[in-house]
1. Express the accessible area of the chain per residue in Å², computed with a 1.4 Å probe while the remaining protein chains stay in the model.
2. Run the quick spin-label model on ASP192 and GLU245: label points 7 Å from Cα toward the beta carbon, then report their separation in nm to one decimal.
3. What full-extension length gain, to one decimal in nm, is calculated for GLU233 and ASP76 as 0.36 nm per residue of separation minus the Cα-Cα distance?
4. Quick one: if you stick a label point 7 Å off each Cα along the C-beta vector at GLU185 and LYS121, how many nm between them?
5. Can you order the peptides 221-227, 110-116, 190-196 by their average number of other Cβ atoms within 10 Å per residue, highest first?
6. In the chain, what percent of the accessible surface is made up of carbon and sulfur (1.4 Å probe, ligands and nucleic acids excluded)?
7. Pick from THR104, THR57, THR45: which is most flexible by mean-square fluctuation in a GNM of the chain where alpha carbon atoms under 10 Å apart are linked?
8. Run lengths n ≥ 4 of DSSP H only: what is the helix-derived mean residue ellipticity at 222 nm for the chain, with -39500 (n - 2.57) per run over all residues, to the nearest 500?
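The values are calculated or read from the model by the stated rules, or taken from the named source; none is laboratory data. Being a predicted model, the structure only gives us computed values, none of them experimental. Virtual Cβ from ideal backbone geometry, glycine too; neighbours counted across all protein chains shown. Remember, those area values only see protein heavy atoms, side chains included, never the ligands or the DNA or RNA. Shrake-Rupley method; radii C 1.70, N 1.55, O 1.52, S 1.80 Å.
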Amino acid sequence: MSCLVELKNVSVNVEDKQILNGVDLCINPGEVHVIMGPNGAGKSTLANAIMAHPKYTLTQGDILFEGESIVELSADERARKGIFLSFQTPIEVPGITVEEFLRTTKAQVSDEKISILKFKKSLMPHLKDLDLDEEYLDRYLNVGFSGGEKKKTEILQMKVLDPKFIMLDEADSGLDVDAVRIVSENVAKFMDETKSLLIITHHSEILTSIEPDFVHVIMNGKLVKSGNAALGERIQKEGFNFIREELGLKPVEEESSAQEA
């Protein structure tokens with residue numbers, strides 16, 4: 001099976017600081033991969049590099065999507081190919097409603113003219129699945145939204161854009177139990193054998209309805225260990241010190257979830 005997304009010896013800098021160092025990864029169609037690691041290990045850097053965030057500079061290696069290098073493509077060009085990233089902290093956009101944002105984004109990615117009435121009608125089943133009412137579409141994007149509403153907006157955007165490769169960066173961070181359940185169930189329902197999913201997380205809440213095929217651990221910018229769902233479960237119980245010990249590193253006090261590079 002050919003990789004949908006493949007990283008070959010990828011190294012990434014933020015300004016003059018190296019964050020990722022020689023990462024190799026193959027994600028096949030239909031697979032769910034989870035990236036875990038201590039704060040500052042480079043988890044979010046990995047996702048942002050795949051999405052071509054301008055802050056993150058690829059200094060070595062290659063990133064392939066459906067067998068073709070995408071390192072020269074901009075973020076919007078990668079989105080048109082079917083790559084999607086949900087952010088840790090979605091930005092607020094006063095003056096632009098949720099519906100306007102979704103319709104404009106869909107039009108840009110698909111290069112199609114979209115009927116306003118037809119598009120709004122197509123959103124109704126998604127709103128129901130996400131436990132959102134119709135008035136939500138008229139609110140300014142993320143302005144005054146709760147953490148759960150912001151994450152639901154991103155999942156709604158994912159459904160509208162229908163990407164092939166989805167990256168969720170801390171999608172369960174700061175959410176209550178009900179919001180996590182709704183988000184994870186909607187992501188699980190969205191997946192099929194043609195789509196792949198990369199989940200970046202400190203915790204296991206987002207995995208309540210999503211069974212990972214692979215769990216990877218990043219430390220000090222390197223992918224140091226891979227396994228199945230059992231690896232993630234052990235990390236949840238024991239933290240990362242058992243991996244540090246395997247690598248001959250000094251154990252440290254485990255950190256709580258926080259923003260990272």
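1. Dividing the accessible area of the chain by its residue count gives 49 Å².
2. Here the modelled spin labels are 4.6 nm apart.
3. Details: separation 157, 0.36 × 157 = 56.52 nm, distance 3.55 nm.
So the extension gain works out to 53.0 nm.
4. 2.7 nm
5. On the way: 221-227: 18.0, 110-116: 9.9, 190-196: 14.4.
Highest-to-lowest ranking by the protection proxy: 221-227, 190-196, 110-116.
6. Numbers: 6190 of 12750 Å².
Roughly 49 percent of what the probe reaches on the chain is carbon or sulfur.
7. Comparing THR104, THR57, THR45 in the GNM, the peak value goes to THR104.
8. On the way: 8 runs with 87 residues, N = 261.
Calculated mean residue ellipticity at 222 nm is -10000 deg cm²/dmol.
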